[in-house]
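Data first, discussion second: the structure below is written as structure tokens.
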Amino acid sequence: MEPYTFTVQSAQAALQAGRLSSVDLTTSVLDRIYRVDNSVRAYLAVTPEVALEQAAEADKRRAEGDTSPLLGIPFALKDIVSTAGITTTCGSRMLAEYVPPYDATAYRRLRTAGAVLLGKTNMDEFAMGSSTENSAFFPTANPWDLSRVPGGSSGGSAAAVAADEALFAIGTDTGGSIRQPASLVGIVGLRPTYGRVSRYGLVAFGSSLDQIGPLTRTVTDAALVLGALAGYDALDSTSVDVPVPDYRRALSGDVRGLRVAVPREYFVDGMEPGVAAAVRAAIDGLASLGAEIGEVSLPHTEYALPTYYLIAPAEASANLARYDGVRFGLSAEQPIDVWDLFRRTRDEGFGSEVKRRIMLGTYALSAGYYDAYYRKAQQARTLIKRDFDRVFAEYDVVVAPTSPVAAFPLGARVDDPLQMYLADIFTLSVNLAGLCGMSVPCGFSDGLPVGLQIIGPAFGEAKLLQVGYAYEQATPWHTMKPSLTAAEVETAES
Ligand code: GLN
């Protein structure tokens, strides 16, 4: 077996047994990147010198007796997480040459754990999108079918893991951007509860919604990476000071007697039949493992999309005001006055989706419209949260599809923002309600991966891992890989 195909867990065993060094492992993954990334285009920047230096350091730490679970494991980082000395573009022309002066806490924690940075991954500009086609640089392809999208906005991170170009990756999820791409490329993606992982150094999109989390090949790997990321950080006032459990203890494989809710509103007309069938079969699978399944209603589900698309753009319009040509990134040449500087910098630096969000958000917040839009949306957000509170009083987890469709063709939705927004219809509520959610592979629809979404109450990540692990152990989906053979890669290039 080639080392680049290892899970975090199996790589760790090989490293610990001395069968492999981190430098060998990292070299294997870098070679893989050089072989396939011309076609997949998961990375915006590969950092081989950084990777090999960090790998050598990890080997040294191991020789000194360190056995941390991520020690020496190479990973990819979404290009919205700040890395001192390494460009952090957010997929935007605005920050094409921006080099942060400090590390994000999430990156610092992974480094403390000994993980090895391979590079920064492609994404929709400022994480706004569901296909990675809003990147200012280039789209990323789905490793299962190079003519299709990998989902978004963490599409580069998801594709890197699916194509064996990283053992795990880090994404961010404001409305679904970890779970939806995980679903579309057939891997595990976990969005932690708001407050579980520090947002310090994460470039802000929707500050009340953003979270950083893992994209991995297995549920066990998600538990290991989350364990390294989670925890209180004095540098992020919204991070919550609750103890971090040892998430590995959740991996019992047992779901007998666990109460699983299936919300009626998440099986809708217009869903891809193959997706609905795979998810229904997965729910039957949980029942045969001994879980108790019950149908429930989350009656305010229909308001999630309009609510999210008021609140997220409102927060984005405020957060993106800082790109003024003075403080960060791009600065328009030879301005005639300060207004010309602001106007031209923002016109040249932002792509059309980002501009659309800024306009929507500014409108929703402006005097005279605030009550009708922003305030209404906040009220609807409370109702959506109460729906879940009611269900979690009686159930341990909620299960549903992650996405209503499997991966769609590149270009199919770029000119239709509403169609693109609908890709997140099943993931948005988790963010609005401050919950946690995970997507695990649960089959295929016409040869393309389908994800089962498991939703838990605030700080209920261990429950997600428990259910996800039991399901994974009983099914073959996580062992299946796209056949990204050299021949196919060449065809895709020609
Ligand atoms: N697709 C959603 C949006 O465009 C969610 C993005 C995200 O989670 N970052 O806003």
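The values are calculated or read from the model by the stated rules, or taken from the named source; none is laboratory data. All values derive from a computational prediction rather than experimental measurement. With ideal geometry, Cβ positions are generated from the backbone for all residues, glycine too; neighbour counts draw on all protein chains shown. Please note that ligands, DNA and RNA were not included when accessible areas were found on the heavy atoms of the full protein model with its side chains. Shrake-Rupley method; radii C 1.70, N 1.55, O 1.52, S 1.80 Å.
Structure notes:
- Among the chymotrypsin sites (Phe, Trp or Tyr not before Pro) in the stretch 264-347, none sits in a DSSP loop with a Cβ that has at most 12 other Cβ atoms within 10 Å.
- Mean Cα-pair separation over length for the stretch 124-264, i.e. relative contact order, pairs under 8 Å, 6 or more apart, %: 18 percent
- Helical content of the chain, expressed as a calculated mean residue ellipticity at 222 nm, amounts to -11500 deg cm²/dmol (DSSP H runs of 4 or more residues, -39,500 (n - 2.57) each, divided by residue number, nearest 500).
- The stretch 359-409 - percent of accessible surface contributed by carbon and sulfur, probe 1.4 Å: 57 percent
- Normalised by the number of residues in the stretch 393-488, the average gap of Cα pairs under 8 Å and 6 or more apart makes the relative contact order 30 percent.
- Here's the picture: a label point sits 7 Å out from the Cα of Ile293 along the beta-carbon direction, and within the stretch 393-422 the residues with their amide nitrogen under 13 Å of it are 399-401.
- For the chain, hydrophobic long helices are taken as DSSP H runs at least 18 Å long by C-alpha position along their axis with mean Kyte-Doolittle hydropathy of -0.5 or more; these are 22-40, 273-288, 304-319, 352-365, 461-474.
- Residues in the stretch 395-494 average 33 Å² of solvent-accessible surface per residue, probe 1.4 Å, ligands and nucleic acids excluded.
- Using the 1.4 Å probe convention, the accessible area of the stretch 189-276 works out to 35 Å² per residue with neighbouring protein chains retained.
- Summarising the strand pairing of the chain, around 65 percent of its internal DSSP beta bridges are antiparallel.
- The stretch 135-227 - percent of accessible surface contributed by carbon and sulfur, probe 1.4 Å: 54 percent
- Reciprocal mean inverse distance between Cα atoms of the stretch 349-494 - Kirkwood radius, Å: 18.5 Å
- For the stretch 34-128, convex hull of alpha carbons as volume per residue, Å³: 107 Å³
- Each residue, Thr112 and Tyr232, gets one label point 7 Å from its Cα in the Cβ direction; the gap between the two is 1.3 nm.
- As a length-normalised measure over Cα pairs under 8 Å and 6 or more apart, the relative contact order of the stretch 56-188 settles at 23 percent.
- Nearest-10 value in Å² for the accessible area of Glu292, using the 1.4 Å probe: 100 Å²
- Stretch gain in nm, segment Ser252-Ala321, where the contour uses 0.36 nm per residue and the Cα spacing is subtracted: 20.1 nm
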